[in-house]
Amino acid sequence: MNTFFSIVTGLLLGYAVTTVLESYLHRVIYHAGPRTRRLWARYPRIGGPFQRAHFSHGIVHHQWTFRKDFVTQFSSQQEKARLDRRLRGPQGSLIQREYYGMTLRGVGIIWYNLPILPCILLVGLVVGPWGILGALPAVMAYSCLATFVHPCLHRPHGDEIARGSPMLRWVLKTRYMRFLRCHHYLHHRYVDCNFNLLPGGDVVLGHFRLPTAEDWNEMRRLGLVVDDGRTRTCATLIHHDS
């Protein structure tokens, strides 16, 4: 197979596999239902990593932080201190280093990427070794969005621009990031939708949701979107792209 064709095919397959798996795994692991969690508890050697992932994201990030609103992780230092007292052992330490589900650190990066890697290797079996090279950008984007971009989605529009590297600041100014902030807000508000940071899988799997007028008003109140004549609004971006 032609090298260029293999790389391009790997790029397309890698993106498709990564975005669909991100949406699926986010839903079935990070927001697992009671039946799934009971099954993990019965087989702790296999289910342990899944239990830890669910606790860090589904419990700590979605239930024990951002209780006031989407842009307020803790209402007070006392609230943060109470949570810290509940986080014990190596997992508790990792959750604190990851800023309570906001980013990835250390072994958390490995566990986050581990379910994706076998599928990327399968892409290589289908289109050859160059296909793996083509698929790598999607995997890197998957990790970088969770590590560097996700924390910025929980800040009001404009507050995140002054932080981070020049490359990150450029990314945060893009039209895609304005869309993604609203997309992720709806995930926190409704939980059972908009699982992707790398877009596409939610649409394929039927988990994509548009904002209502009430959602739009709340996003305005929180400063997530701005009507300033220069920055196109999130709702406009979503409806234009749909």
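Quick note: the coordinates plus some simple rules give every number you see, no bench work behind them. Everything numeric here is computed off the predicted structure, so don't read it as measured data. A quick note on method: Cβ atoms are made from the backbone with ideal geometry, for glycine too, and the neighbour counts reach across all protein chains shown.
Return the single residue from Met219, Met167, Met102 with maximal mean-square fluctuation; model: Gaussian network over the chain, springs between Cα atoms under 10 Å.
Met167
Mind giving me the FRET efficiency for Val71 and Thr212? R0 is 22 Å, r the Cβ-Cβ distance, nearest 0.05 is fine.
Rounded to the nearest 0.05, the efficiency is 0.70.
Considering only Ile110, Ile46, Ile132, give the residue with the highest GNM mean-square fluctuation for the chain, with springs between Cα atoms whenever their separation is below 10 Å.
Between Ile110, Ile46, Ile132, it is Ile46 that shows the largest mean-square fluctuation.
Per DSSP H run of at least 4 residues, take -39500 (n - 2.57); add these up for the chain, divide by its residues and hand me the 222 nm value, nearest 500 deg cm²/dmol.
Dividing the helical sum by the residues of the chain leaves -18000 deg cm²/dmol.
I want to verify a result. In a Gaussian network model of the chain, Cα cutoff 10 Å, which of these has the top mean-square fluctuation: Gly223, Gly106, Gly201?
Highest fluctuation among the options: Gly106.
Determine, from the Cβ-Cβ distance of Val203 and Gln91 and an R0 of 30 Å, the FRET efficiency 1/(1 + (r/R0)^6), rounded to the nearest 0.05.
0.35
Please identify the helices of the chain, taking whole runs of DSSP H, that span at least 20 Å along their own axis as judged from the Cα atoms and have a mean Kyte-Doolittle score of 0.5 or higher.
3-25, 129-144
Kindly identify the chain as rounded, prolate or oblate by the Cα gyration tensor criterion: order the square roots of the eigenvalues as a ≥ b ≥ c, call it rounded if a/c is under 1.5, otherwise compare a/b with b/c, prolate if a/b is larger, else oblate.
Cα axes put the chain in the oblate bin.
Extension gain Lys80-His188, at 0.36 nm per residue separation less the Cα-Cα distance, in nm?
Length gained between Lys80 and His188: 36.9 nm.
Quote to one decimal, in nm, the extra length available between Met167 and Ile110 on full extension: 0.36 nm per residue of separation minus the C-alpha distance between them.
Contour length minus Cα-Cα distance gives 18.1 nm.
What is the dipole size for segment 3-241, taken about its Cα centre, with +1 at each Lys and Arg Cβ and -1 at each Asp and Glu Cβ, in debye to the nearest 20?
820
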